[in-house]
Amino acid sequence: MQVFTQKRNPITGSTEWELQHENYDYHQEIARSGFADMLHDKERNQKYYRALRLAIKKMHSEGKKANVLDIDTHFQYYRALRLAIKKMHSEGKKANVLDIGTGTGLLSIMAAKCGADSIVACEAFKPMAECCIKILQHNNVADKITVIQKRSTDIVVGENGDMKEKANILVTEVFDTELIGEGALSTFTHAHEHLLEKDCIVVPDSAVIYAQVVECPTMQKWNKLNDLADDDLDIILRTPQKMKDCAGSAAVHDIQLSQLPRKAFRELSEQIPVFYYDWSGKTPIDLKKTVKQEFTVTNTGKAQMVFMWWELNMDTEGKIVLSCAPWWCHPDADLSSERPQDTIPWRDHWMQAVYYLPQELTVHKDTEVTLISCQDEYSLWFYLEDEKTKHKHYKRPVCECGVHMTFSRTHVSYLNDGKRSKKLLARLKEELVKDSVVLDLNGSTLLGLAAAKLGAKHVFILEDKKFNIGILHDYMKENFLENVTIVADVGDDILKDVTNVICDPNFSDAILPWENLKVAYLLHKYRSKLRDTVSIIPEACEFWAMPVEFLDLHKIRVPLKVCEGIDMTIFDQLVESSRVLSDVEIEAQPLWEYPCTCRGIPRKLLALDFHNLKPKLATDGVNTFTDVESDERQPMNGFVVWTCWSVGGKVVSCGPTEWPEVGARLDWDPHTRQAVKILKYSREVSGDDKWNYQIVTDLDEGLFNITIDLEN
């Protein structure tokens, strides 16, 4: 059975109906779940396995210890006591395991293989719980594991409850990049109060959150809008003071910090352990706390943000440690390697985090500064103080300027991309004349306001989103602009007078690269009403693609097969069938965070001339992997698609920062996302192998479709 679902067309902005499978949402949730990503994390799996083995062994040996207090010295008790101790020595204590959030059941199966006496696995996500049951049956352990399809906080212990008795071993993985963002604090607290024996063993046993204060202008581009300047460094638009002073958003910026160029930041502190969490239950867990710590500044600089990561102590003795640190602080990093970031375990489910300080603070080497670390039940935030700078409160920062609520961090960084904006501004100066009437098709950027400041007679900005309009008004007020009108639609009375159409081709609601073809859709829509001599910026757009080998990114999509000796093909089949019904083949990724190697010459797939747009266009082609004959076969596991925009004969690329060479590592534009297709299985290819593509565009309907794959 099929049903109609609502979907917003990012090119036209309209809401459309699509015919989908009746359980579309259900299948999409499965397809986009992070279970496979976590299960590809070998270090995580192996350290959980080792810690479980130790916990179960320890529990079995505990009952054998004749640790007796208050022994009655009367003879009549001696014989009974001796018999009791003998029995404890021979039998040991049972290991009763509770697995909270079992997912596929991997940790429960590990516990069974380690000899646990009883295992209860709870999973609230119904499709995953049902999949787990099938996996247990497939691996012949269903008789050893009881699956409860509930949240752990809803489990009842007792004769008529879900669990007959409390567990004495807890194994769980309820962590995210912030460690506590998935509700770990309340999960552990409830488990110790209601589900676990007092002297239980918990895997993991504890955790530590680390913070490092840094100066990083590169990352600050994701947080604060800079003044807009031209090639001569003359300021064209000043950022409103309210935006400069805004504390920003407390929302975590999760990122692969190890891929940040080392020269891009300056460490102003050592790594500082800011929070310790005892998961074992021996000490209570605070759901809210603030910690002040003085530290010695290691370098003079401007403190702008805090880098954060955490470690898990998997066992009670702290011998098995799982670290999420970036490479320069990671205990397993090979610092002598040419690429030390490649020598540490990769994971995308637990990255590092960036927290932007509400106020920048200049600090000096060898002085004492105080880091204030704050935590509520689900999140973290930070403040910094010195002798002169004190804060009235340490409340969670809230955006008051609108930018942090309206724009994604990627879009903010795009607006701060000086190389791109200087090309657009230079072209704008060339095209504008005294009586220019400008139509800006993208109100989520600043190009129209720049045109007004550069001398246009009048500028009309097409924008209907309330928050975008608010930001534009703030800029107009700050820069004393009176020759700007913001319109929700463009009528014939405006179009007949327009001399220049401009569009910074990055819309705030676009995700995939071709969703920025909204500029082509609007130009086609208005073209018949515009003058033949109208100037258009940018003038053209090209789509490029090439085959690549991802170092790690493919792990988020490829099948698991066997994981630590446990057959996971049932899970693979579930995810694959759900993807077929609900998921797109191509997704957007910030490839600067995900290393990959070029495995074929880039090919131009499509070119659009904005002065001569054709409403309907279909194109396809077949490409070989290299222009050089070679018998050597190379691995590849995906394709990348990106756009290039033509601005006055100059290229504004949203793809590689340098022309790719086959076999070389790639550097990507960090201010945009590229389109990625990950192959289900890696392939070995040579120069003779071929890949093909097909593109269909319909500017009347605002449709764009691309398929790309290896030739059979």
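The values are calculated or read from the model by the stated rules, or taken from the named source; none is laboratory data. Bear in mind the structure is a predicted one, so any value in this text is a computation, not a measurement. A quick note on method: Cβ atoms are made from the backbone with ideal geometry, for glycine too, and the neighbour counts reach across all protein chains shown. Each accessible area value is taken on the protein alone, full model and side chains, heavy atoms only, with ligands, DNA and RNA left out. Shrake-Rupley method; radii C 1.70, N 1.55, O 1.52, S 1.80 Å.
Grab the helices (runs of 4 or more DSSP H) fully contained in the range 399-514, keeping just those with 3 or more residues being more than 18 Å from N223 (Cα to Cα).
Working: elements: 403-406, 409-415, 418-431, 447-453, 466-478, 492-495.
Result: 418-431, 447-453, 466-478, 492-495.
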All positions within the range 458-477 that are more than 19 Å from F407 (Cα to Cα) and buried (at least 16 other Cβ atoms within 10 Å of the Cβ): H458, V459, F460
The lone exception for L228 - which of (1) within 30 Å of W328 (Cβ to Cβ); (2) at pLDDT 95 or above it fails: (1)
Close pairs (7 angstrom Cβ cut-off, 6 or more residues apart or separate chains): farther than 24 Å from H253 by Cα in the range 403-426, open to solvent by less than 20 Å² (accessible area, probe 1.4 Å) and part of a helix (DSSP H, G or I) anywhere: L424/L447; L425/A450
Those strands (runs of 3 or more DSSP E) lying entirely in the range 284-379 with at least 2 residues in contact (Cβ under 8 Å) with a residue 12 or more places away in the chain and farther than 16 Å from Y210 by Cα: 301-313, 352-363, 368-375
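Of these, L371, L415, L384, which one is in contact with a Leu (Cβ under 9 Å, 6 or more places away or on another chain), crowded, with 18+ Cβ neighbours inside 10 Å and assigned by the TED database to the domain that holds F467?
Working: L371 fails: assigned by the TED database to the domain that holds F467; L384 fails: assigned by the TED database to the domain that holds F467.
None of the other options fit; the residue is L415.
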Top-ranked residue of the range 686-712 - restricted to ones that are open to solvent by 30 Å² or more (accessible area, probe 1.4 Å) and of a type in the set (S, T, N, Q), ranked as nearest to R603 (Cα to Cα): N692
Where A545 falls short, out of the listed (1) open to solvent by 10 Å² or more (accessible area, probe 1.4 Å); (2) in the same structural domain as T697 (by the TED database); (3) farther than 30 Å from Q46 by Cα: (1)
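Table: residues versus (1) more than 19 Å from A51 (Cβ to Cβ); (2) in contact with a Pro (Cβ under 6 Å, 6 or more places away or on another chain); (3) surrounded by 17 or more Cβ atoms within 10 Å (Cβ to Cβ).
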site	(1), (2), (3)
G161	yes, no, no
A167	no, no, yes
H190	yes, no, yes
H194	yes, no, no
Residues of the range 619-650 classified as in a strand (DSSP E or B) and more than 18 Å from W592 (Cβ to Cβ), total: 14
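Quick check, is S379 among the hydroxyl-bearing types (S, T, Y), within 25 Å of L170 (Cα to Cα), touching a strand residue (DSSP E or B) at 6+ places or on another chain (Cβ under 9 Å) and modelled with pLDDT of 95 or more? Write out each step before concluding.
Values: among the hydroxyl-bearing types (S, T, Y): yes; within 25 Å of L170 (Cα to Cα): yes; touching a strand residue (DSSP E or B) at 6+ places or on another chain (Cβ under 9 Å): no; modelled with pLDDT of 95 or more: yes.
Criteria not met by S379.
Condition check ((1) modelled with pLDDT of 95 or more; (2) among the acidic types (D, E); (3) open to solvent by less than 20 Å² (accessible area, probe 1.4 Å); (4) closer than 25 Å to D417 by Cα) across all residues:
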{"position": "Q589", "(1), (2), (3), (4)": "yes, no, no, yes"}
{"position": "R603", "(1), (2), (3), (4)": "yes, no, no, no"}
{"position": "R633", "(1), (2), (3), (4)": "no, no, no, no"}
{"position": "D667", "(1), (2), (3), (4)": "yes, yes, no, yes"}
Any hit, the range 610-618, residues being open to solvent by less than 40 Å² (accessible area, probe 1.4 Å), of a type outside the set (D, E) and outside any loop (DSSP other than H, G, I, E, B): no
Pick from the range 588-622, criterion among the polar types (S, T, N, Q) and over 28 Å from the mean Cα position of the chain (by Cα), ranking: farthest from M636 (Cα to Cα): N612
Some residue of the range 196-212 being open to solvent by 10 Å² or more (accessible area, probe 1.4 Å), in contact with a strand residue (DSSP E or B) (Cβ under 7 Å, 6 or more places away or on another chain) and within 20 Å of F382 (Cα to Cα): yes
